[in-house]
Amino acid sequence: PSLGPWILDPGAFDHMTSNRTLFSYLSFLNSQPFITLTYGSQIPICGIGQTHPLPNLSFNFVLFVYGYTVNLIPISKLTHTLDYSVLFVNNFVPV
């Protein structure tokens, strides 16, 4: 099955997905706290777990947010996990 695309977001704070099949481990929450999206709407966090967006890359504390439409990776958390830096210059990301 397709894992779906992961979107890198410079403004996000947490890894998020609504695709339950992406989790290698998922713990459901007894109470459902909410996360506030960019435009002020709120959606419940159903669980927290671990995903592997690439075979040699895993993320812990990924939010399982039912009904969210994308798989989100905050650039700040990605660079921290990999100990990398990202530089944006005139709409260009150097490799």
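Within segment 50-59, being within 14 Å of the chain's Cα centre (by Cα) and open to solvent by 40 Å² or more (accessible area, probe 1.4 Å) holds for 50, 52, 54, 58.
How about segment 1-56: which of its residues are free of Cβ contacts under 8 Å to residues at least 12 places away in the same chain and either on the phi > 0 side of the Ramachandran plot or of a type outside the set (Ser, Thr, Tyr) (or both)? Write out each step before concluding.
Going through segment 1-56, the residues free of Cβ contacts under 8 Å to residues at least 12 places away in the same chain turn out to be 2, 30-31, 34, 36-37, 39-42, 54-56.
Across segment 1-56, the qualifying residues are 30, 34, 37, 40, 42, 54, 55, 56.
The set of residues in segment 3-49 being open to solvent by less than 100 Å² (accessible area, probe 1.4 Å) and of a type in the set (S, T, N, Q) consists of 17, 18, 19, 24, 27, 31, 32, 36, 41.
So, of the residues in segment 60-89 that are in contact with a helix residue (DSSP H, G or I) (Cβ under 9 Å, 6 or more places away or on another chain) and closer than 15 Å to residue 18 by Cβ, which turns out to be most open to solvent (accessible area, probe 1.4 Å)? Among them, the one singled out is 66.
Just to confirm my filter: which strands (runs of 3 or more DSSP E) fall fully inside segment 9-68 and include at least 3 residues that are over 28 Å from residue 84 (Cα atoms)?
On the way: elements: 23-28, 34-36, 42-44, 47-54, 57-64.
Of the strands (runs of 3 or more DSSP E) lying wholly inside segment 9-68, those with at least 3 residues that are over 28 Å from residue 84 (Cα atoms) span 42-44.
The values are calculated or read from the model by the stated rules, or taken from the named source; none is laboratory data. Bear in mind the structure is a predicted one, so any value in this text is a computation, not a measurement. Using ideal geometry, Cβ is built from the backbone for each residue, glycine included, and neighbour counts are taken over all protein chains shown. In case anyone asks, the SASA skips ligands and DNA or RNA and just uses the protein heavy atoms, side chains included. Shrake-Rupley method; radii C 1.70, N 1.55, O 1.52, S 1.80 Å.
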